[in-house]
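Below is one structure, written out as structure tokens, with a few remarks after it.
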Amino acid sequence: MSGRTGTTLRFLTQEMLRDRAMVIATILLAVALILAIGNGLAALAQQRAVIAEAERATAASIRAAEERARPFLSGEIEKPGYWLDPSDVRGFGGYFLVNHTVKPPLALSALTIGSGDVLPRLLRVTPGTLASTAASYDVESPSRLSLGRLDASFVIIFLLPLVIAAAGHGALAADREAGRLPLLAMHGLSPQRVAQMRLGLRVLTLLATGAAAILIPLALGGVALDAGLAAWLAVAVAYGVFWAAVTLVVISFARRASTAAAALGALWLILVLVLPWCISLAAEIAYPAPSRVAQVIEGRDASDEADKARSAALGAYLQDHPELAGSGAKLDPEEFVVRQITTTRLVDNRQAQSDAKFDARMAERQTFVDGLAWLSPPVLAQGAMIELSGTGLTRHRAFVEQTRAYVGELRRYFEPRMLAEDKTFSDWNGWPRFGWNEPSPRDLVRTALGRALGLLVLAGVLFIFATRRLRHTRITARMD
Amino acid sequence: MPSASVIAAHEVRTLWRDGRLRIASALAVILLVVAVVSGAQYQRALTAERTQADAAEQTRWTSQGEKNPHSAAHYGYYVFKPASPLALFDRGIEPFTGVGVWLEAHKMNGFVYRPAQDAAPVSRFGDLSAATILRQLLPLLIILAGYAMIASERERGTLRQLLVSGASRRALGLGKVGATIGSVGVVLAPAILIGIIAVALSGAAPPAGRIVALLLGYGAYLTGWACLTLAISALARSARTALIVLLGLWLFGCVIGPRLAGEVAARAYPVPSEIAYRSTIEADLGPSHSTERVEALKAQLLKQYGVATTAELPVNWGGVSLQAGEEHGNAVFDRHTGPLYATYANQDRLHQMLGFLAPELAMRSLSQAAAGSDLAHHLRFVTAAEQHRRLMQRLLNGDLTKNAREGEEYVVSEAFWRTIPAFTYTPPSSMEALRGAMPAILALAAWLVGTALLLGFALRRLRA
């Protein structure tokens, strides 16, 4: 660093520290981030507590069932109806078992709540119907959900651009309005250099403050720095750099600080509010979600058909389970459990077709949104942050898939036992438990870094454009 | 001596000459028209879909064939929430509530399929509805139109000329507020016109009271923003300072404030976790077909009729015990859903109270209440659906109690299903709906009066 650059930087640093707008912007950013991360960490702790509660509920239900079954198994008390008897596999599987599949929150969800508040984090499952997996959610007021959450992503996506604009909109116009540009030029400082150094210093200060306001509370909350967090920070920094470049472009056009502020406000409005609204609306129009109401009606139709075709359904079931056909068990299609198993199977098949159609349409919609996201850096950054934090649709789809597979496993365990002649149950620890299989984050990290790189390239293009314009800035003492 | 109308006319001409404002206004008009048209399409599709689904469910119910009434109780009945005619303007909390609920024996089920659950995460940026544009974008347009109106005149020295020429401060304030509101009115007019046509075409005209409440509410809200903008423009040392202060206030009031309010209300009135809520209800319900409770009831009934066995009873024991189970369940559901809904309502009330600090929240509450898309409307529908479930169970169990004989198979003919009344829902009247939004109405009134007083104060101490 040459002596002149060092002196200039010292001067700009002192000036920055004296600038009330900059100080307020920095404090605002830090306070907002600390508040948001506090909120996120509280939500994370709450989710973990709920999962522990679910595990305790399952353990308690098994203990209670075992205790209740003991006198029935020993013959001390005569067995009641199977729905009151956990020593009967139909009673245990259908009435006494309290069991959940759980999507454990990633530590990064403390930064981005995303769709985590509207997607279920655990599902109550039994060997019975799968329908509940698509229709369950946590207890939460819809009013609160509609207001949105104050998390670190919100601060970065919505506030950081404004903070950068507040700190940087006068990076050149202030000197021009005060008539200082000729004076600075006499010291060998061109308008381009002044604007770049002043804006660069301020943006760096803001990003460093922001990083500290994120990393320190996270470290105190026990969240370790890993590839996911590093990628999240890379996206946030790239997004900040993009807005710094936008600010530089505006500075290169605006002759007055108030004009620069108004232009940056308008750009923020268009990029952060209007374009995402338009993308969301375009996605809804281009790829409307299949009607859930129609899906409910289809499910009811399937249930009616299955009920009418009970005997045929039992035949089909036995075709898939020949071991039961020759087991000596007398299977009556009118018996409640037999009816439930066979009709559930038909309804689930129909539900699976309808779900597949729905999922395919949603995937098409998401691909469409991902494509349009390149038009709107906030959407691009938000999408990457949500996926990295595991609070988006990708991880949720994996959860639903794993839940479906697990229900299949439960059925393979319970159904033959429910249909066998001897229905006694005492396998308290042997029934299959759900184990969450975390999808590899490698692809998500790669996608996020790709998006961060895209934002940096975009910022680079804007930076070059602004620099070229600033080179031709007229240096006059006149106030325009 | 320039009057308020002369000042207003001059300001409107100046604003119209400003190309940036013309572009911003055009953008706002386009967005509003898109929002109203897409909202109308959404509302029409939703209404048609739910009307068809209701009819399909009713047909399914009445043509289920000969069956035991309790089998029919388990077969159940789906009801779907109707779309309010004004949902085209403000969808409110609708994306965060389910589309319908299954009414069946023994259980008070939750609403299924929240649209937000199926939406792409980009939708969390917000909903492009006419109400969102009016609440969030138009204040910004007012700020852009008005932040320099007084501050720039002072900077250019024209304010002194204006005051010396005899313009009163009152005329100055009225003229400039009038010009700001007028320029926003130009943006609003086409959207209001299209909105009225869309509502008229929907065939389900909303009560006039709701439309009047929306017009007055948004009028007060936007006039408040105009007064605040001019007050800050008069008080600030420069147009730049005025703009930054106003953008900060807008950011807090319209973007950060609502989210912060959500967090504050959730802390003040926490809801239980899903597991805690469900497991407490299950524990209170007791084991399925609980023997102790049933045996006690049986003993009481046998004693009441002076018989030894249930077969000797003049009523069917199965029907009696099923209805007793329903009543036990109903009491348990009321004990738990009551406090939960009260917590939701308390959160909602706190949001409205916080509208005194962030008027967007107050406007949001009033707008949703008038549009029929707020929490109160949702809970009313939930309650109506649950009442219908209870009525169905009572009628089905009543038939069993009266007509079934112990030990004999009992089925009713298809004609019986038609005696169960179809589900009907009456939304609250305009007055009822608005009564629940009273804190929001007061907050908006305070906002309008407060900003007008601030403008008066700023104009009184105005120095050229």
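Taken together, the values in this text are just the output of simple stated rules run on the coordinates, not laboratory data. What you are looking at is a predicted structure, and each value in this text was computed from that prediction instead of being measured. Because the Cβ atoms are built from the backbone with ideal geometry, glycine has one as well, and the counts that use them run over all protein chains shown.
Please report A:Met362, A:Met418, B:Met431 as a ranked list, fewest other C-beta atoms within 10 angstrom at the top and most at the bottom. Mind showing how you got there, number by number?
Working: A:Met362 18, A:Met418 24, B:Met431 10.
Placing the least packed residue first, the sequence is B:Met431, A:Met362, A:Met418.
Roughly what would the spin-label model give for A:Arg412 and B:His106, points 7 Å off Cα along C-beta, in nm?
3.0 nm
Please list, in order along the stretch A:160-169, the HN-Hα scalar couplings obtained from phi with the Karplus expression 6.51 cos²θ - 1.76 cosθ + 1.60 (θ = phi - 60°), rounded to whole Hz, x for Gly and Pro.
Once rounded to whole Hz, the list reads 3, x, 6, 5, 5, 5, 4, 6, x, 5.
Using 1/(1 + (r/R0)^6) with R0 = 35 angstrom and r between the beta carbons of B:Arg237 and B:Ile23, what's the FRET efficiency to the nearest 0.05? Display every interim value, and only then the final one.
Numbers: r = 28 Å, r/R0 = 0.81.
Calculated value: 0.80.
Given a Förster distance of 51 angstrom, what is the FRET efficiency for B:Gln41 paired with A:Arg446, based on the Cβ-Cβ distance and rounded to 0.05?
On the way: r = 39 Å, r/R0 = 0.76.
Rounded to the nearest 0.05, the efficiency is 0.85.
Under 5 Å between amide hydrogens, which residues at least 5 positions from B:Tyr78 or on another chain qualify, with H placed 1.01 Å from N in the peptide plane?
Residues meeting the amide H criterion: B:Leu103.
Just rank B:Leu193, A:Leu458, B:Leu86, fewest to most, by other beta-carbon atoms within 10 angstrom. It would help to have the intermediate numbers written out before the result.
Working: B:Leu193 12, A:Leu458 18, B:Leu86 27.
So the ranking, lowest neighbour count to highest, is B:Leu193, A:Leu458, B:Leu86.
Per residue of A:110-122, how many C-beta atoms from partner chains lie within 10 Å of its own C-beta, taken as a mean? Provide the component values of the computation, followed by the final result.
Values: counts 0, 0, 1, 1, 2, 7, 0, 3, 11, 5, 2, 1, 3.
Per residue, the average neighbour count from other chains is 3.
Given points 7 Å out from each Cα along the Cα-Cβ axis, report the B:Ala296 to B:Leu193 separation in nanometres with one decimal.
Each label point is offset 7 Å from its Cα along the Cβ direction, giving 7.0 nm.
Roughly how far apart, in whole Å, are the Cα centres of the stretch B:353-375 and the stretch B:60-90?
Cα centres, the stretch B:353-375 to the stretch B:60-90: 31 Å.
If I take every Cα pair under 8 Å that is 6 or more residues apart in the stretch B:168-282, average their sequence separation and divide by the length, what percent do I get for the relative contact order?
Details: 22 pairs, mean separation 27.0, N = 115.
After rounding, I find 23 percent.
Please say if the stretch A:54-95 is rounded, prolate or oblate, where rounded means a/c under 1.5 for a ≥ b ≥ c the square roots of the C-alpha gyration tensor eigenvalues, and otherwise the choice is prolate for a/b larger than b/c and oblate otherwise? Don't skip to the end; give the middle numbers.
Working: a/c = 3.38, a/b = 1.65, b/c = 2.05.
It is oblate, given that a/c is not under 1.5 and a/b is not larger than b/c.
How high is the relative contact order of chain A? Use alpha-carbon pairs under 8 Å, at least six apart in sequence, and give a whole percent. Write down the numbers at each step before the final one.
On the way: 576 pairs, mean separation 123.8, N = 480.
Relative contact order, chain A: 26 percent.
Using a 10 Å cut-off on Cβ to Cβ distances, tally the other chain neighbours for every residue of A:41-54 and report the average as a whole number.
Working: counts 0, 3, 2, 0, 0, 2, 1, 0, 3, 4, 2, 1, 5, 4.
For peptide A:41-54, the averaged partner shielding equals 2.
Using 0.36 nm times the number of residues separating A:Gln353 and A:Asp301, minus their current alpha carbon distance, what extension gain do you get? Walk me through the numbers on the way to the answer.
Numbers: separation 52, 0.36 × 52 = 18.72 nm, distance 1.37 nm.
Result for the pair: 17.3 nm of gain on full extension.
Within 10 Å of each residue's Cβ, count the other Cβ atoms and sort B:Lys81, A:Lys423 from fewest upward.
Numbers: B:Lys81 22, A:Lys423 18.
The order, fewest Cβ neighbours first, is A:Lys423, B:Lys81.
If you filter the stretch B:327-406 for trypsin sites (Lys or Arg not before Pro), then keep DSSP loop positions with at most 11 other Cβ within 10 Å, what is left? Please report the intermediate quantities before stating the final value.
Values: sites: B:Arg335, B:Arg349, B:Arg364, B:Arg380, B:Arg389, B:Arg390, B:Arg394, B:Lys402, B:Arg405; in loops: B:Arg405.
Taking the stretch B:327-406 and a limit of 11 other Cβ atoms within 10 Å, the loop trypsin sites (Lys or Arg not before Pro) found are B:Arg405.
Please give the FRET efficiency for A:Ala398 paired with B:Tyr341, using the beta carbon to beta carbon distance and R0 = 25 Å, rounded to the nearest 0.05. If you can, show how the numbers build up before the last one.
Working: r = 34 Å, r/R0 = 1.36.
Approximately 0.15, to the nearest 0.05.
What distance in nm lies between label points placed 7 Å from Cα along the C-beta direction at A:Ala60 and B:Val186?
Distance between label points: 6.6 nm.
In straight Cα distance, which aspartates and glutamates are under 17 Å from B:Lys298, not counting same-chain residues fewer than 8 positions off?
B:Glu312, B:Glu326, B:Glu327, B:Glu406
At what distance in angstrom do the alpha carbon centres of the stretch A:232-299 and the stretch B:145-210 lie from each other?
Each part reduced to its Cα centre gives a spacing of 28 Å.
Quote the charge dipole size of chain A about the Cα centre in Debye, to the nearest 20; the model charges only the Cβ of Lys and Arg (+1) and of Asp and Glu (-1).
Values: 50 positive and 43 negative charges, 634 e Å.
With only Lys, Arg, Asp and Glu charged at Cβ, the dipole is about 3040 debye.
How would you classify chain A from its alpha-carbon gyration tensor, with a ≥ b ≥ c the square roots of the eigenvalues: rounded for a/c under 1.5, else prolate if a/b is greater than b/c, otherwise oblate?
Numbers: a/c = 4.04, a/b = 2.68, b/c = 1.51.
Judged from the Cα gyration tensor, chain A comes out prolate (a/c at least 1.5, a/b above b/c).
Which lysines, on any chain, are close to A:Lys423 with Cα under 28 Å apart, when same-chain ones fewer than 8 places away are left out?
Qualifying lysines at Cα under 28 Å: A:Lys79, A:Lys308, A:Lys330, B:Lys107.
List the residues whose amide H sits under 5 Å from the amide H of B:Ala358, counting only those 5 or more places along or on another chain, with H placed 1.01 Å from N in the peptide plane.
Here nothing satisfies the definition.
Under the classification rounded if a/c is under 1.5, otherwise prolate if a/b is larger than b/c and oblate if not, where does the protein assembly as shown fall, given a ≥ b ≥ c as square roots of the Cα gyration tensor eigenvalues? Walk me through the numbers on the way to the answer.
Working: a/c = 2.72, a/b = 1.86, b/c = 1.47.
Prolate, because a/c is 1.5 or more and a/b exceeds b/c.
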